[in-house]
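For reference, the structure discussed in these notes is given below.
The values are calculated or read from the model by the stated rules, or taken from the named source; none is laboratory data. Since the model is a prediction, treat every value here as computed from it, not as a measurement. Backbone-built Cβ (ideal geometry, glycine too); neighbour counts: all protein chains shown. Note: areas computed on protein heavy atoms with side chains; ligands, DNA, RNA excluded. Shrake-Rupley method; radii C 1.70, N 1.55, O 1.52, S 1.80 Å.
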Amino acid sequence: MIHFRGALLSGVLAGLLAACNHVSHVPPTTVAPVAADAPVARVFLIGDAGAPRIDEPVLRALGTEIAEAPEQSIVVFLGDNIYPSGLPSQGAPDRAESERRLEAQVLAVVEAGGRAIFVPGNHDWEGGGADGWNRIRMQGDFIDERGRGRAALLPRGGCPGPVVEDVGDALRLVMIDTQWWLHGHDKPAGAADGCAVATPAEMTQRLRAVLRAAGDRATVVTAHHPIATGSVHGGHFSFLDHLFPLRAVNDDLWIPFPVIGSIYPFARQSGISSQDLSSGAYGGLVDSLRAAFQANPPLVYAAGHDHNLQVFDGEVEHVSVVSGSGYWDHGSQVHWIEGMRYGSSEAGYVVLDVLPDRRVRLGVREVDGAGVVTEPFSMWIR
């Protein structure tokens, strides 16, 4: 009887998790694909890839797709490039494994012939810890060493950005470090630390300027923290999160805590963590970004942070993307919220094809455990 009950509970939980896996309120839609060599730029947006397996299926699929058009391919890793706490110092017990995790991402792109840009996330800043700035600097140096001149951490040195990368007159990529804004420990500020800006207000002002100067380019702003999300960092928890709160620490801790388990999600929804949209610091970041977007809205604002794939109609930006499931079996539930076009807990990434006539096609790629790629959602943005 005990075995039967255990199997029954496992089956029920598996069914419930599967039910949460996709957002059912918004039907998937697709538009015709474009040939691999047609775009002047193909931008891969992939986040939270910082604990890949050996022969990680998502990175394998990414490399295969880059190899179809390597000269047009730019991959932006949207932060949390090394779980759980960024790159530790030489000699630390977890240094070798941390190097393996980051190098796997670098080589997946470089060996396929593409270019890689890594944007810092909160885990790269030691999860917001006191050694965060140092770990960001070490990560940048490591990427320089292993990247063969085709990979970089941007912004560099813990600076907030924005940093601009133009692809001719068709595309402007803008990288910002949103964890710098939220970080509660020592961080660089101004010219003395090698940064162009010293305060959040200056960062916002500079972002407004680089958007204004983009001209007719398709502008894509990339960062780690999303400005819209129907998942955990947006305060959207399932009843499983209330019943099994220890899974926030370890995915395998299926220990039920009825009633008392709700303390954790309720605390998160009240703004206790600066990493959640409900906090004052994070809310201020979003308000400032959207203020900077007002005069010259970017075509896409892309981030990770939540471990899933989401596409939204933007409030000021044209489209907002969450692409934070960069390695397999790492997804978190997605809940439908206003403005959402697509949501899924599957592993994968988002691809932007920028065509010579300035049209931009967005495609969501999902990758299974065998590395098989499907595209359940796509749309024309411009």
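Compute the relative contact order of region 121-179 as a whole-number percentage, counting only Cα pairs closer than 8 Å that sit 6 or more residues apart in sequence. Intermediate results must be reported in sequence, preceding the final value.
Values: 68 pairs, mean separation 16.7, N = 59.
Rounded, it is 28 percent for region 121-179.
Please compute the per residue accessible area over region 320-382 with all protein chains in place, 1.4 Å probe, rounded to a whole number of Å². Walk me through the numbers on the way to the answer.
Numbers: 2050 Å² over 63 residues.
That works out to 33 Å² for each residue.
Could you look at region 270-328 and say what percent of its accessible area is carbon and sulfur, using a 1.4 Å probe and all protein chains? Provide the component values of the computation, followed by the final result.
On the way: 870 of 1730 Å².
About 50 percent, which is the carbon plus sulfur part of the accessible surface.
So, in nm, how far is label residue 94 from label residue 146 when the simple model puts each one 7 Å beyond its Cα toward the Cβ?
Placing both labels 7 Å along Cα→Cβ, they lie 1.6 nm apart.
So which trypsin sites (Lys or Arg not before Pro) in region 269-366 pass both tests, a DSSP loop state and at most 16 other Cβ atoms within 10 Å of the Cβ? Let's see the in-between values first.
Working: sites: 290, 341, 358, 359, 361, 365; in loops: 358, 359.
Sites meeting the loop and neighbour criteria: 358, 359.
What's the FRET efficiency of residue 296 with residue 338 using the Cβ-Cβ distance as r and R₀ = 22 Å, to the nearest 0.05? Present the calculation step by step, with values, prior to reporting the outcome.
Details: r = 25 Å, r/R0 = 1.11.
Taking R0 as 22 Å, the efficiency between residue 296 and residue 338 is 0.35.
What does the charge dipole of region 265-382 about its Cα centre add up to, to the nearest 20 debye, if the Cβ of each Lys and Arg holds +1 and the Cβ of each Asp and Glu holds -1?
Details: 8 positive and 14 negative charges, 60 e Å.
Dipole about the Cα centre, nearest 20: 280 debye.
Once each part is reduced to its C-alpha centroid, what is the distance from region 45-103 to region 162-225 in angstrom?
23 Å
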